[in-house]
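> Once you've had a glance at the structure underneath, I'll fire off some questions.
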Amino acid sequence: MKPKTSIQKEVARLNARLPQISEAQKRYAFRHCFEPIGRRSADGRIVCTECGQSWQGGGALSETLCGARCPHCGTELKIENTRRRVFRETAYYGIMTTRKGYQVLRFFLVKANRRVGQPAAYHIYEVVSRWIAPDGRNVTLSRSRGIAFLYYDLWIEDSPMEVRRRNHRSYDILPACIYPRVRYIAELKRNGFTGDFHRIPPFDLFTAILSMPPYETLLKAGQIPMLHYMLQSSASISEYWDALKICLRHGYIIPDGAVWRDYIDTLRYLGKDTRNAAYVCPENLADAHDRAVAKRKARCERERLEEQRRTALAAESRYRELKAGFFGLSFTDGIISVRVLESVQEFFEEGEAMHHCVFGNEYYLKPDSLVLSATLDGKRIETVEVALSKLNVVQSRGACNADTEYHDRIIALVNSNMPLIRKRIYA
Ligand SMILES: [Zn+2]
C-alpha cells in the first residue's frame, strides 16, 4: 500500500534509509537462533552439523545429557541419536534500534539448512519492521504474505517492504533471539522497560506501556503475569483496574493472570467486595479461586432448581385455571381406561414414561388441547390429545410416538365419549 498519512510517509522514508543487516549481525543470528546439533549414528560416530566434520564419540549417556564440543570447529553441540540426515529450521531474529525519535523493531527470518557431511548453510532476510512513536502510534512495514501452510514460510522474499494498513497476527513476532547491541528510546525506559520482554512480543509490550498508563503501572510494579495475561487476552483492563489498584497498594503480586481474573469474575458473581484486599489479594490464589468457583457452582445449581420450581408452579396454576373443569373425567370400555391428566407433574411423568414430548412441548399450556392418558391394566399405552374447539382427536401416541395395536380402539373410545367432554366445557 502507498503511505497515506504523514506518519506513514515519514516512516516509509526513514525505513528506506535503514542500513542493510551487517555481517556481525548475521553471524550472531546464525549462532544464536538455533541450537547446533551433533548427530550420532548407531556406531557412535558423531557428525557436527555446523562444519560437517565427524569423529568417534565417547560416553553416549553423558554426551546425550550434556552435549559435546566439536573437535574440528569448537561448536558446543546438542547430541541427537537419530538417522535423520537433514535438519531444517527457521526462526525469527530481532534488531532493536531507534530513528528520529521512533523505536524501530526489525524482524528477520533466519533459515538453517544442515545436512550430515556438509557445512551448515544459513539464509536471512528482513520480513517486518515496526516503528513506534513515543505516544504509541505506530506504522508497520512488511514483505507480502503468500499463501502458505506453514506460518514461517509466509513471507515472499523478493517482494518490497511496504506500509501495511491493517494489523495481522503474523506481524506480532516474538523473536527467538535479539541482537545484543540494542537501542531504545528514552520514553520506554521512563515507562518501566528495563530490557526484559518477559516473553511478550516486543511490539505489544512497547505500544502498551507507551500509550496506556495502566500497563506502564503493571510493568513498573513487577506485575508480570498480569501484564502478560492482559496483553494476550481480550479482557479489558479497565474492568479490573479497581481491584488491581488494591493489589498494587498492598504490594500483592498476582501469580497467575488468568486465574486471578476468573477469581475476580467469580467474586463479582457472588456479590463480594472486589475492593477488599482480603478478597482480591488471597495468600493462595489457586485455593481461593477453587473455593469461589465451587460456591458459584453451588449457587448456579440452586438458582436453576429454584427457576425450575417457579416455572413448574406457575404452569401448575395456569393448567388448573385452564383445565380444572375436566378433572376427574374418565371412561372405559371395560379393557382400556382413559382419564384426563390432572397436573403438570402428571404431564412430566407421562412424557418420561412414554418418551415423547407431551411435557417438553408444554401441552399443559395449550388452551385448546385436552390431554388424556389411555391405560391397560394400569399401564400407560397411548397419550391422547383432543381439540376442545372441534371435539375431535388430534393425535394419539404410544411410546416414542409409535402407534400401538390398541390405537384405533382408543380413538373410538374417546370419540364415543365426546359428549362427556362437551358436557364439561359447558358445565
Ligand atoms: Zn564442527
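The values are calculated or read from the model by the stated rules, or taken from the named source; none is laboratory data. Since the structure is predicted, the reported quantities are computational estimates derived from the model, not experimental observations. Because the Cβ atoms are built from the backbone with ideal geometry, glycine has one as well, and the counts that use them run over all protein chains shown.
> Being aromatic (Phe, Trp, Tyr), within 16 Å of the ligand (Cβ to nearest atom) and over 21 Å from Ala176 (Cβ atoms), is that true of even one residue in region 50-57?
The answer is yes; a qualifying residue exists.
> Considering only region 312-395, give the strands (runs of 3 or more DSSP E) lying wholly within it that have at least 2 residues that are on the phi < 0 side of the Ramachandran plot and among the β-branched types (Val, Ile, Thr).
The qualifying strands (runs of 3 or more DSSP E) are 336-340, 369-376, 379-387.
> Among the strands (runs of 3 or more DSSP E) contained in region 41-114, which hold 3 or more residues that are at pLDDT 95 or above and under 30 Å from Leu141 (Cβ atoms)?
Qualifying strands (runs of 3 or more DSSP E): 86-99.
> Can you tell which of Leu174, Leu227, Leu205 is under 23 Å from Asp290 (Cα atoms) and either touching a His at 6+ places or on another chain (Cβ under 8 Å) or modelled with pLDDT under 95 (or both)?
Testing whether each residue is under 23 Å from Asp290 (Cα atoms) and either touching a His at 6+ places or on another chain (Cβ under 8 Å) or modelled with pLDDT under 95 (or both) leaves just Leu227.
> So is Val358 crowded, with 19+ Cβ neighbours inside 10 Å, modelled with pLDDT under 90 and under 25 Å from Ala312 (Cβ atoms) or not?
Criteria met by Val358.
> Which numbered condition trips up Ala235, out of (1) more than 23 Å from the chain's Cα centre (by Cα); (2) under 30 Å from Thr140 (Cα atoms); (3) assigned to a loop (DSSP other than H, G, I, E, B)?
Here Ala235 clears every test but (1).
> Further question on the same structure: Name the one entry in Arg69, Arg114 that is within 13 Å of the ligand (Cβ to nearest atom), surrounded by 19 or more Cβ atoms within 10 Å (Cβ to Cβ) and among the basic types (Lys, Arg).
Arg114
> Between a first residue in region 120-142 that is within 23 Å of Phe87 (Cα to Cα) and a second residue that is of a type in the set (Lys, Arg) and in a strand (DSSP E or B), which pairs have beta carbons less than 8 Å apart while being 6 or more apart in sequence or on different chains?
Note: pairs meeting the criteria are Ala120/Arg114; Ala121/Arg114; Tyr122/Lys111; His123/Lys111; Ile124/Lys111; Glu126/Arg106.
> Please list, ordered by first then second residue, the pairs with beta carbon atoms under 7 Å, 6 or more apart or interchain, first in region 33-56 and without any contact (Cβ under 8 Å) to a residue 60 or more places away in the chain, second away from the ligand (no atom under 11 Å from the Cβ) and among the polar types (S, T, N, Q).
Once the first residue is without any contact (Cβ under 8 Å) to a residue 60 or more places away in the chain and sits in region 33-56, its partners that are away from the ligand (no atom under 11 Å from the Cβ) and among the polar types (S, T, N, Q) give Arg40/Asn81; Gly44/Gln56; Arg45/Gln56.
> Hey, among the residues in region 74-99 that are away from the ligand (no atom under 14 Å from the Cβ) and touching a helix residue (DSSP H, G or I) at 6+ places or on another chain (Cβ under 6 Å), which one's farthest from Asp158 (Cα to Cα)?
Out of the qualifying residues, it is Arg99.
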